[in-house]
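See below for the structure under consideration.
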Amino acid sequence: MPPVITVEHLRKVYGRHVVAVDDISFAVERGEIFGLLGSNGAGKTTTVECVQGLRTPTAGTVRVLGEDPHAHAGALRGRMGCQLQESRLPDHMRVWEALDLFASLTPGAKDWRDLLEQWGLAEKRSASFSSLSGGQRQRLFIALALVSDPEVVFLDEMTTGLDPAARRIAWDLIEKIRDRGTTVVLVTHFMDEAERLCDRVAVVDRGVIIALDTPRGLVVRYDPLEQVVFSAPDQDVEWLMSVPGARSVTRRGPRVIVEGTGPLVAYVGAALVERGLTPDDLRVIEPSLEDVFLQLTGHLVED
């Protein structure tokens, strides 16, 4: 089965010297959540705007569902859905009015009344946009993106500005979109979001993709070391360097940190018990996507 999206050597230059996207290539398979992960200004939004046909690439080719999104926008209009980075409706527009309006503009649109039920908006049917909470607004934006029953949907920084509870709700909604068979392209700068949701992630930095794999695959490839941490005041623990997979043993006050690879925690735990040590605070700190991002780019995502 061919990819839903194919991007080859995409380049976008503004003016004469501002290179927003520089030779990006990737493919998105049907039914996956594909993430574009990077700092603000890395080129993620420009990339998806070119993929959606909202901007004309300077160079390269883009195909969505086999079509050129810029040349054949009409053919794709009902097959793509999008929630843009800056999304807003008139304050006094009611939930049902927004859904009815979007449906009227989309040939073959779904019955928007079903979307009210599916996305938990039935009780807010007559509520104005300004009265909705952050989580409710995100539900509405997703419902609007799904009015056309699209085969692929683009979600650009959809959880920015949400409190932790609303972010969790939004994550559940994204997983539901994928579960109903829709391919999702998720643009985000949140590492935990990409790690939780994405089947594959492209790390974008300064207009180029510097790594592409599953979240776990990126961690294993670029930062495989994990840490086993426990307290052992006044104990000599240098012998833990002989544990299989151990790379280093360091002490910070009463805390001991064993860093290494493989089933490290099992070996460390067994070695401690053999020596009569049973620390009750032993825990594992696994490398994260944020650790990988820092190693690849040399800066934190906020920078």
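Every number in this text was worked out from the coordinates using simple rules, so none of it is lab data. This one's a predicted model, so the numbers in the text were calculated from it and none came from an experiment. Heads up, the Cβs are rebuilt from the backbone with ideal geometry, glycines too, and the neighbour counts pull from every protein chain shown.
Compute the signed sum of charges (Lys and Arg +1, Asp and Glu -1) over the other residues within less than 14 Å, Cβ to Cβ, of G262. Here the count lands on -2. Lys-Lys pairs in the chain that are eight or more residues apart or on separate chains and whose Cα atoms lie under 23 Å of each other come to 4. Overall, the stretch 146-303 carries a charge dipole of about 280 debye about its Cα centre when +1 sits on the Cβ of Lys and Arg and -1 on the Cβ of Asp and Glu, all other atoms neutral.
Largest mean-square fluctuation among Q138, Q235, Q52, in a Gaussian network model of the chain whose springs join Cα atoms under 10 Å apart, belongs to Q235.
Seen against the Cα atoms of the chain and their longest principal axis, helix 95-104 is set at about 60 degrees. Taking trypsin sites (Lys or Arg not before Pro) across the stretch 222-303, the ones in a DSSP loop with at most 14 further Cβ atoms lying within 10 angstrom of their Cβ are R275.
Length available on full extension from R16 to R79: 0.36 nm per residue minus the Cα-Cα distance, which gives 19.3 nm. Note on the chain: Cα Rg divided by 2.2 N^0.38 Å, N the number of residues, gives 1.22.
Based on C-alpha pairs under 8 angstrom that are at least 6 apart in sequence, the chain has a relative contact order of 19 percent.
Annotation: peptides 204-217, 11-24, ranked by per-residue average of other Cβ atoms within 10 Å with the highest first, follow the order 204-217, 11-24. Size check on the stretch 225-286: the Cα extents along the three principal axes, sorted descending, read 27, 23, 19 Å.
Quick check: Cα centre of the stretch 41-71 to Cα centre of the stretch 116-142, how many Å? When both Cα centres are located, 30 Å separates them. Based on C-alpha pairs under 8 angstrom that are at least 6 apart in sequence, the stretch 225-286 has a relative contact order of 47 percent. The helix-only estimate of mean residue ellipticity at 222 nm for the chain, built from DSSP H runs of length n ≥ 4 each weighted as -39500 (n - 2.57), is -8500 deg cm²/dmol after division by the residue total.
Extension gain, L277 to L225, is 16.4 nm, computed as 0.36 nm per intervening residue step minus the present C-alpha separation.
When you filter the trypsin sites (Lys or Arg not before Pro) in the stretch 62-150 for DSSP loop state and at most 11 other Cβ atoms inside 10 Å of their Cβ, you are left with R88. Cα centroids of the stretch 157-226 and the stretch 248-275: 31 Å apart.
Multiplying the residue separation of S25 and R251 by 0.36 nm and removing their Cα-Cα distance gives an extension gain of 76.9 nm.
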